[in-house]
């Protein structure tokens, strides 16, 4: 006949007291076994950050490997960057609103998409109106304008592909190093 031993844990005297380490490890094991964190918080009267800290500090290596990081599509990243650049939100507000781990991630997105930006220069006078303009200068201006238009088209196509990938939930862009049949 098996005798089940019920473990008794030292109770906390007040809110600043520490939890019994055996209780902490028991709760961590239960969460790793599938108990939802929200439920563990309710059952044991824990705060979200308390359980989060315990899972971080006492969770098994297997548990840590299975934690999925939140990932953002290119469209979502561009939308967040655009909102910051237009002054609708600050980096700190975007971090909180989109549950992003730290502000440096957002700053890297801003730097990434800044390289895609194309400044559009509109010249009021036509190239033909310049008396001193040589044929080479005219060709250079035409080529620069063509380059600007090509860069704008590339940016528009990238945005279109991002929207399509996001809405259709498929990868349209070919991955580098992909095998071809």
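The values are calculated or read from the model by the stated rules, or taken from the named source; none is laboratory data. The model shown is predicted, which means the values in this text are computed figures rather than measured ones. Heads up, the Cβs are rebuilt from the backbone with ideal geometry, glycines too, and the neighbour counts pull from every protein chain shown.
For segment 67-89, check the following and say yes or no: at least one residue is in contact with a helix residue (DSSP H, G or I) (Cβ under 7 Å, 6 or more places away or on another chain) and over 24 Å from residue 163 (Cβ atoms). No, there is no match, as no residue in segment 67-89 is in contact with a helix residue (DSSP H, G or I) (Cβ under 7 Å, 6 or more places away or on another chain) and over 24 Å from residue 163 (Cβ atoms).
The numbered conditions (1) closer than 30 Å to residue 32 by Cβ; (2) at pLDDT below 80 are all true for residue 98 except (2). Does residue 92 meet the test of being assigned by TED's automatic domain parsing to the domain that holds residue 113, at pLDDT 80 or above and exposed (fewer than 14 other Cβ atoms within 10 Å of the Cβ)? Answer is yes for this residue.
If you go through segment 67-116 and keep only what is part of a loop (DSSP other than H, G, I, E, B) and under 30 Å from residue 31 (Cβ atoms), you end up with 67, 68, 69, 70, 71, 72, 73, 98, 99, 100, 101, 102.
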